[in-house]
1. Would you mind telling me which numbered condition in (1) closer than 20 Å to F103 by Cα; (2) free of Cβ contacts under 8 Å to residues at least 40 places away in the same chain E37 fails?
2. How many of the residues making up segment 63-115 are open to solvent by less than 30 Å² (accessible area, probe 1.4 Å), part of a helix (DSSP H, G or I) and among the aliphatic types (A, V, I, L, M)?
3. In segment 117-144, which residues are in a loop (DSSP other than H, G, I, E, B) and open to solvent by 40 Å² or more (accessible area, probe 1.4 Å)?
4. Quick check on segment 36-49: of everything there that is under 18 Å from the mean Cα position of the chain (by Cα) and outside any loop (DSSP other than H, G, I, E, B), which residue is surrounded by the most Cβ atoms within 10 Å (Cβ to Cβ)?
5. Would you be able to tell me the number of residues in segment 50-62 that are surrounded by fewer than 18 Cβ atoms within 10 Å (Cβ to Cβ) and outside any helix (DSSP H, G or I)?
6. Would you tally the residues in segment 75-118 being more than 17 Å from the chain's Cα centre (by Cα) and closer than 16 Å to F150 by Cβ?
7. Are there any pairs, at least 6 apart or on different chains, whose C-beta atoms fall under 7 Å, with the first in segment 104-116 and closer than 11 Å to L93 by Cβ and the second assigned to a helix (DSSP H, G or I), and if so, which?
8. Pick from V22, V10: which is in contact with a helix residue (DSSP H, G or I) (Cβ under 8 Å, 6 or more places away or on another chain) and either open to solvent by less than 10 Å² (accessible area, probe 1.4 Å) or modelled with pLDDT under 95 (or both)?
Amino acid sequence: MSVLDLAPVVPVVVLEDAVDAVPLARALVAGGLPAIEVTLRTPAALDAVRAIAAEVPEAVVGTGTVVTPEQVTASVAAGARFLVSPGWTDVLLDAMRASGVPFLPGVSTASEVVALLERGVREMKFFPAQAAGGTAYLKSLAGPLPQARFCPTGGIGPANAPDYLSLPNVGCVGGTWMLPADALAARDWARVEELARAAAGLKDVRDAGGTCR
C-alpha cells in the first residue's frame, strides 16, 4: 500500500477527545478521504486510533508526529496502518522500517532526500511545506531527484493545494482545512463530510499531474 495513492488529501487530525474519533472518521470516509493521519499530539491520540481501526474498517488510519521508536511500536499496536514523522534520524527510520507498515519520514532539504534515497526510501513527507520553499522548491527537486515522491504538509489549504497536486513528484497533500475548529467544537460531522468531499474532488488535479496516480 502506498499512502500517497489513497487519496489526494490526507486529513491531519488532532483529537482532544477519543469519543469524536469514530464519527469524525466516518464523515471523512463518506466524503472520500479514507486515509486519516491522527497526530500524536494529545493523550487521546492512541485511543482514537484504536477506535477508528476497530469501528471504521473503510478508513486507513495512521499516526503522525511520530518522533520516537516507542511511538512507532505504540502506534502499530493501536492499529495504525501507516506512520508519518516530521523529520527522521537513523534510529527512528530503522524503527519505522521494522514496523511492517508504510511510513513517510519528513524532509525539508535536498540532502535529507538524498540520504533517504540511499536507504531505499522513495516516499516522504515534505514539511513544513510552505515555510521550506513550497511548490517552487518541490518543482526544483523533481529534476535531479525524480525518483522521490512527496506528501507536502504545512501551510496547505484549498487555495494552494491544486498547485502542489499538479507537480509530478507530489502524490497527495496533508492538511486540516476540512476540519475547521468551529465544526469540530460543534461536532458538525455533516460539514466535515461536505468539506472532505470538496477536498476529495482535487483528485482530478492530481491525476492531471502525469506521474501521480
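The values are calculated or read from the model by the stated rules, or taken from the named source; none is laboratory data. Remember, it's a predicted structure, so these values are computed and weren't measured experimentally. As a convention, Cβ positions derive from the backbone with ideal geometry for all residues, glycine included, and neighbour counts pool all protein chains shown. For the accessible areas, the whole protein counts, side chains as well, though only heavy atoms, and no ligand, DNA or RNA atoms are used. Shrake-Rupley method; radii C 1.70, N 1.55, O 1.52, S 1.80 Å.
1. (2)
2. The number of residues fulfilling the criteria is 8.
3. Selection gives R119, G120, R122, F127, P128, Q130, A131, G143, P144.
4. Only one residue tops the list, namely V38.
5. Looking only at that region, the number is 2.
6. 9
7. These pairs meet every condition: P105/L93; P105/M96; P105/L116.
8. Of V22, V10, the one residue that is in contact with a helix residue (DSSP H, G or I) (Cβ under 8 Å, 6 or more places away or on another chain) and either open to solvent by less than 10 Å² (accessible area, probe 1.4 Å) or modelled with pLDDT under 95 (or both) is V10.
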